[in-house]
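Beneath this line is the structure, given in C-alpha cells, with notes to follow.
The values are calculated or read from the model by the stated rules, or taken from the named source; none is laboratory data. What you are looking at is a predicted structure, and each value in this text was computed from that prediction instead of being measured. Cβ placement follows ideal geometry from the backbone for every residue including glycine, while neighbour counts extend to all protein chains displayed. The accessibility values were calculated without ligands, DNA or RNA, using every heavy atom of the protein model including side chains. Shrake-Rupley method; radii C 1.70, N 1.55, O 1.52, S 1.80 Å.
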Amino acid sequence: MIRRLRSSFAAKLLVGGIALALLIVGSVGGYLLYSRDNQTRAGALSNSDNRVAVMREVLEQFTGEQSYATAKGLAAQTPLIAALAGAVPSRAVPALFAGSPPVNLESEVLVITDSAGKPLYTRAAPDLGGVDAAVFDGSQAIAAALSGTQCAFAKGAGACGLEILSDGLPVYSVAVPVTNGLTVVGSVAYIAPLGLQLERFATLFQFPTAFIPAAEPSLELRQQGVAVTSGSAPSDVTTGIQAGQDLVHATYNAPTGSGGATQAVAGSFVAVAAPGGGHVAGYLGIEVPLSQFLGDEATDELTLGLITLFVLLALTLLIIVFVEIVVRRPIRRLERGVARIAGGDYTSPIVVRSNDELGRLAAGVNRMRDSIRVYTTEIEDARKRLDSAVERVGNVSRALTTTTGGVAALQNEVVRAAAGIAGEGAMAVLATRQDDALHVQAVFPEDTSPQVFDGWEHFSDVLGGAVVRETNPDRGSLVAVPMFYQDRVGGALCVVNEKTTRPIAEDEEDVLVVLANNAAVAMENARLFEQERETVRRLRQLDSMKNDFLSTVQHELRTPLTAIIGLSDLLEMCWEMWEDTPKLDALHDIQVAARNLYDIVETIIDFSAVNAETLDITPVDVDLTEAVQRCVEQVTERYKSGLPIPVEVAVPAGLRILADPERFGQVMRALLDNAVKFSDGKGSVSVTAQDNGDGRVRIEVRDHGIGIAPQDAERIFERFYQVDNTATRRYGGTGMG
C-alpha cells in the first residue's frame, strides 16, 4: 500500500497540497511572528539608544568634568608653574611631588608634561598599578591642550575627548595647559582607561558595553566585567560608522562570553569626539538582550493552529476531486509517451490535447527528444576542449620544471598558459601572498592593468583556499584558483574574460587548478635555486674578505714589530757606546712603534666587540674643543718628529656635545690620521664645527690630500676595503677605521 502511494502522482499531489496549505499557514504565522518580532526589536533598539546616550553623557559630564576640574586646579598651583618654568623641569617636577603626591582620581592616570608634550611625571590610581610613561608621549589631548584648544563641555582652555594610545588602549583624556604669564610651560592631564570607566558605571548601564575604534570600524571590543574580548563588528554597524553617523544601531547575535554561545541583542553605538574636536575617535556601545523584551505569544500560536487544521481539511477534499477529474487521464498518456522515449524511440511524439500545464509538459518532452542529439554534440565538443587543455597544461608543466630563467620567467610562462587555457581575449594575473594580501607579480597580455582583479566581491575568498567563480554584467567573468604549496595558499592565478567573450567553462577551471598547483611547486623550486646560488656567492665574498683581512693584519702588525725588535736589538748592542741622546731617540722610536701596534690591536678588539654586539656606549657631556685638541695630540704622538703638516682646530669655545668620550676619540683620531696620512706632507688639515640649531652639531675634517676616486667612494664603508690592498702599498692601515 505504501509503495503504491509513493508511485502515485495523485498521492504526491495530495502531499503537495498539504505542503501548500502548510506554506500558506506558515506565511500567515510568519507574518504575525514577524510583526511581533519587529515590535520587540524596535523596543529593544529604543531602550539601547537611550542607554548609550546616557553612557556618553556620564563619560563626558561625570568623568570629564571631574577630571577637568581636578586638572585645572593642579595647573593653577604656583609651585608646579615654577617647576615647569625652571631650568630643569624634568628634575624639578618629580622632586615637587616626591613628598606630597597630587590628587588621585579613581581608575585614572595623572600625566604632567613639559611644553613639548614630553611626560615628566606620571602617577596612576592605586587600582591601576604601574604604567609606562612612554605610551602617553604623543597623546592627542596633551598636544591639543598645548596648542591652545578649548574643552567642549567646560568652555575653557584645554582638550578633552576619546583617543587611542600608542599601545592600542582606548582612553578618555582631559588635558589643561599650565601657563606662566602668557607662556605655556607644560600641561596637566588625567587619562582614564575606557574599559575601567565603563566597568565603574556598570550598575548604571546594566548591560554589557562595547567599543569600536573609528579608524577600524570592523573591530568591536566587548567588555564583560573587567575582561575585554575582541570580535568582528556587525556589518550594519560598520556601514553606519563609515557613513559618519552620530548614532548607529542594529540587532544581531553577540557572544555571551561562555563556551562560544551567542544571543540576539539590540546594539546601539554613539560617536565620541577626539580631543581638540574635528573628528570622531570611536563609538561607545551597549548590547541589550532581546530576551528582555519578548512578549507572550501563546495566543498567536493557538490561532495559527486552528487556521492550519481548517485549511488542511478543505484543501484535501479539493485536491481529491481535482485529481480524479483533471489529472489522472492526461498523466497516463504522458507516462506512456515518456516510456517510449526512455526505450529509445525518438520518432513517436506524445499527443498534446490541451494547453494547460500537462499539455505544455508533453510539448516540453517532445522538445527534449529533439534536444538530445544537440546535447550529445556539445558534450563531445567539451571533451575535446578538455583534452586540448590537458595537453596544453602538460606542455606548460614540462616547461616549468625544466626552465632556468628564474622566478620571473616562470611567472610569465604561467600567465601566458592560463590566458591560453581560458581562450582568446582572456586576461591572466599571477599574484603571490604577502601576509593577508595578494601582490601582482605577472600579467598577460603585458599591457593588462594589475588592478584587473580588484573590485570583485568574492575575490579575497581565494586566500582561504577556495576557487572563486564570479560574473559581473559590466566587467565579464572571473575565475581565481589558489596556488597551494605544502597545504598553504601561497598565491592565486586569476583569469578574466571580458563581457564580450564567452565565460570560462568548468573543465577549463579544472585545468587552471592543475596549472596553479604545478606553478606553485615550480616557483618554489626556482626560488630555492636562486637562494642557493646567492648563498654560494656570499660565501665566496666572505672567503675573499677573510683573505684580505689576514693579509692586511699580517702586514700592519709586521711593520711596528719590526721597528720595535730592530731598535731594541740595536739599542742593546750600542748601549755602552751611545750617548744619552741617541739612546733616548731610539727609545722614542720604540714608543712610537708600540703605540701604532697598540692602536692596531685595539682596532681589532673593537671590531670584534661590534660584531658580537657587546660594545658599550656611555654618552656624557663633552667639551668639543678639548676633545678635538686631545685627539690631535694623540695623533701627533704617532709621528717621531711631530705631525708632517699643520692641523688647525677652529671649534667655537664652549660648544658641548653628548657623546662617549672614548668612542668619539676613536672616530676623530681615525679621521685626523687619514687626513694627515693621505696628504703626502702637503697642505694642511682643518677641523671645524657648528651648531645646526636642531640639537645636533656638524663636525668637518678637511684636508688637501690625494682624495678618493668616484668609483671607490661608494665602497669606503666596506670592511677591510682599501684602494691599494697589496702587500707593497704606500699607505698603511687595516681598512677598519
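Of note:
- For G491, the residues 5 or more places off, or on other chains, whose built amide H falls under 5 Å of its own are R433, M483.
- Across segment 698-712, coupling constants 3J(HN,Hα) worked out from phi with the 6.51/-1.76/1.60 Karplus curve, θ = phi - 60°, read 9, 10, 10, 10, 10, 9, 10, x, 6, x, 10, 5, x, 6, 9 Hz, and Gly and Pro carry x.
- Gyration tensor analysis over the Cα atoms of segment 168-212 returns equivalent ellipsoid semi-axes of 33, 11, 6 Å (largest first, whole Å).
- Potential lengthening between M573 and K118 on full extension [0.36 nm per residue; Cα-Cα distance subtracted]: 156.8 nm
- Where segment 29-129 is the region considered: accessible area per residue in Å², 1.4 Å probe: 49 Å²
- Accessible area per residue for segment 239-291 is 39 Å², calculated with a 1.4 Å probe on protein heavy atoms, without ligands, DNA or RNA.
- Amide H contacts under 5 Å for V178, placed H, 5+ residues apart: V185, G186, S187, V188
- Grouping the Cα pair distances of segment 78-167 into 10 Å bins from zero gives a pair-distance distribution of 16, 44, 37, 3 percent in increasing distance order.
- Distance-filtered residues of segment 432-449 - backbone nitrogen under 15 Å, label point 7 angstrom along S218 Cα→Cβ: 435-438
- For the pair A87 and A408, the difference between a 0.36 nm per residue extended length and the Cα-Cα distance amounts to 109.4 nm.
- Nearest-0.05 FRET efficiency for A69 and Q242, computed from C-beta distance (R0 41 Å): 0.70
- Computed FRET value (nearest 0.05) for L309 with R336, which takes r as the C-beta separation and R₀ as 51 Å: 0.80
- Calculated accessible area for segment 426-543 comes out at 56 Å² per residue, all protein chains present (probe 1.4 Å; ligands, DNA, RNA ignored).
- One Cα centroid belongs to segment 77-120, the other to segment 424-480; the line between them spans 57 Å.
- Carbon/sulfur fraction of accessible area - segment 57-189, other protein chains in place, 1.4 Å, %: 54 percent
- Converting phi to 3J(HN,Hα) with the Karplus coefficients 6.51, -1.76 and 1.60 and the offset θ = phi - 60°, segment 57-73 yields 4, 5, 5, 7, 7, 9, 4, x, 5, 4, 5, 5, 5, 5, 5, 5, x Hz in sequence order, with x at every glycine or proline.
- Fraction of accessible area attributable to carbon and sulfur, segment 413-520 (%, probe 1.4 Å): 46 percent
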